[in-house]
Amino acid sequence: MEGISDIRIIGTDEKRPPRILKEPYIDIFFTLSHQCPLDWCRAFNELMASTSAKPKIDEKEGLFVNAWVRKPDEIVGLLEFLKESIAECNRQYIERVELSIRNAGDANAAKAQEEEGEQGRLNKIIAGLVFDEPQ
């Protein structure tokens, strides 16, 4: 199974190859190694929103990075920039997941500590009460 740290660009979309048209730019669709989670795509798009080429991933599809350049000579630089950006997005995403896990662990520890103190003693007494059966 592939994970977040395995996300990388593996080529261009064969169905949408880069073409020089009459427009003053070239659209490029880079193929990712596997489908990315929705929240990863959103994080990537937010990270890229302020860049000039505005690379973007369709959040529903999660398989291609759509970007553009003005000249063919700019493609290599764009690819290197996207590789670095994807690695950074992976790192940030993993950090958020680890922080979420730690926060959940802290909440569980606080609850367990509560169970051990006076509240825990009270909970045990209440749980051990024997009530008469209704007639």
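The values are calculated or read from the model by the stated rules, or taken from the named source; none is laboratory data. Keep in mind the model is a prediction, meaning the values are calculated, not measured. FYI the Cβ positions are ideal-geometry reconstructions off the backbone, even for glycines, and counts take in every protein chain you see. Each accessible area value is taken on the protein alone, full model and side chains, heavy atoms only, with ligands, DNA and RNA left out. Shrake-Rupley method; radii C 1.70, N 1.55, O 1.52, S 1.80 Å.
Consider region 16-37 and keep the residues that are open to solvent by less than 30 Å² (accessible area, probe 1.4 Å) and more than 21 Å from the chain's Cα centre (by Cα). The one that is nearest to ALA67 (Cα to Cα) is ILE28.
On the basis of being open to solvent by less than 70 Å² (accessible area, probe 1.4 Å), part of a helix (DSSP H, G or I) and modelled with pLDDT under 90, does ALA109 make the cut?
On the way: open to solvent by less than 70 Å² (accessible area, probe 1.4 Å): yes; part of a helix (DSSP H, G or I): yes; modelled with pLDDT under 90: yes.
It is true that ALA109 is open to solvent by less than 70 Å² (accessible area, probe 1.4 Å), part of a helix (DSSP H, G or I) and modelled with pLDDT under 90.
Do we find that ILE101 is at pLDDT below 95, in a helix (DSSP H, G or I), of a type in the set (Val, Ile, Thr) and surrounded by 13 or more Cβ atoms within 10 Å (Cβ to Cβ) in this structure? Taking the combined requirement at face value, the residue does not satisfy it. Of all residues in region 75-91, those being within 13 Å of PHE44 (Cβ to Cβ) and exposed (fewer than 14 other Cβ atoms within 10 Å of the Cβ) number 5.
For region 1-47, the set of residues classified as among the charged types (D, E, K, R) and part of a strand (DSSP E or B) consists of ASP27 only. If you go through region 17-52 and keep only what is over 16 Å from GLU88 (Cα atoms), in contact (Cβ under 8 Å) with a residue 40 or more places away in the chain and touching a strand residue (DSSP E or B) at 6+ places or on another chain (Cβ under 8 Å), you end up with PRO18, ILE20, TYR25, ILE26, ASP27, ILE28, PHE30.
Please work out if THR12 is within 16 Å of LEU82 (Cβ to Cβ) and open to solvent by less than 50 Å² (accessible area, probe 1.4 Å). No: the conditions fail for THR12.
In region 38-74, the qualifying residues are those that are at pLDDT below 95 and β-branched (Val, Ile, Thr), and the one that is least open to solvent (accessible area, probe 1.4 Å) is VAL69.
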